[in-house]
Structures are given as C-alpha cells and as structure tokens.
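Below is one structure, written out as structure tokens; the observations come after it.
Just so it is clear, none of the values below were taken in a lab; they were calculated from the coordinates. Since we're looking at a predicted model, the values are computed, not measured. FYI the Cβ positions are ideal-geometry reconstructions off the backbone, even for glycines, and counts take in every protein chain you see.
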Amino acid sequence: GVATPGSVGMPATYTYFFKSQGLRLGTAMGMMAVIVVTDLLFYISMMPCAAIAMLFEVHLKSNTTSLLAVVLGLAAVGTVGLYVLIRRYRQIYNFLSRRLDRISWLAQRKYKLARMIVEFVQAFRLIGRMSWPQRFGLYFSAVGYWLPRYGILLALMPLLGKAVPSAYLFLVQGVLNLGGQMFILPGGGGGVDAGYVALMSPYLDRETLSLTLLVWRTYTFYWYLGIGGLVFLFKTGKAAHRLLLRKPAS
C-alpha cells in the first residue's frame, strides 16, 4: 500500500486480498475501514502519551516544543474530527456534495465519497457492537504491529552511543509516518527522509543521520516493498493466469 501515491492503493490491495478469501466486496471494504479506524485510534491514544512523557525527558533541545505542539494539535484535531464524522456524517456529506456539484469532474465522484463515509462510520459501529475483550484484542493487534516499527530507533540509538530522548524518537516517527500517508508521491516521495533529517539533526551528526535513516527506512519501508512486492506479484499473477485460461462465453 505505501508504494502507491499517498497510500491510495492500500484500500484496493486489502480489498482484493479479502475478496480472494471469499468475502463479499462490501464486507471486504468494511474490514479495510476497521483497519484504518484501529490505526487512527492507536495514533490518537499513543501520541499524546509520548508527548506528555517528553515533558519529563532530559537533554531536550529548545526546538522540540514546536514538535510537541504539532503532535498534540494533530491528536486533538483527529479526535474532534472522528467524533464529528461519526455524529454528523450525513450533514458532512451533504455539505461536501454541494461543493462537488460545482465542478463537473468532481461531481461524478460524490457517490464514491458517500460510500467511503458510510463505510467508515459503519466500521465504528461494528467496533461498537464488539465485546470489550474483542475491542482490546483489536486494539492490541494494532499495537503489536506498530510498536516494533517505532522501536527500531529506540534500540538503535543506544547501540550507536547517542543520547536521544525516547519520547522524542516516538513522536518524530509518529509525525513522519502520518506525513508519509499524506504525500501524493509513493512512500512520501522523499518528504519523509527530508523530515527525518530536519527533526533529528539537532541530536545526530551527519554520518549518524545517514546511517540511522537508512536502517530506519529499510526496516519500516523498503523491506515491506521487497517481501510484499513478491507476494503481490505471485498472488496477482495467479489471478491473471486464471483469467487467461478462462474459456470465453459461447
């Protein structure tokens, strides 16, 4: 998913693989929405905790307060946005639909927007119907996925003898991961790398910056492309082979 512009290919890829396991299209898209919601809940819950922990860290540079403000602001806006979307999704769609009608090529996509909003809201309702053990299981599955990715820098810095506050490392990765999803180019299009250099340069020299950036991006991005790309080619190749062998209708 991250190999495509702004991760727009991730929903399509997940939906394709869910369908290949026998799920209906609506169910597959609903499961994709649950994944997105769970990741958002992880971000909204963990980033403020890291921001608060950073207040008690030592060896902080003066410019880290701006990062703290950005993270807390994003978490607050995200929380309010999710609440408003769930409670007022019909009004939001009607408002956006009227704006889209003014532009012809966007007007054709308003039904796709409606479907996405409804699926997103239904994902929250599905989570609401779960038992608390199921909700905790779902949330901690997201924690188990994301924490190893965030932990690579936490483990790497002591090995290199660099004193970088742990909470700061967590926040930097949170901002960069979220920013990478918003760029319109594959994998952040270099914006993630530039952001890493800008945010980590107060603590690391040029050589250490290059080394840690290479290790971090390989572990959290390029490795997924290498392994996931092979699996994707294999799976889609099998599907294409079946289509080629299918006899045309007489």
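The table for this structure:
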{"read-out": "Distance in nm between pseudo-label sites at S210 and S131 (7 Å out along the Cβ direction from Cα)", "value": "5.6"}
{"read-out": "Rounded to whole Hz, the Karplus (6.51, -1.76, 1.60) HN-Hα couplings of segment 29-43, x for glycine and proline", "value": "5, x, 5, 4, 5, 5, 4, 4, 4, 5, 5, 5, 5, 4, 5"}
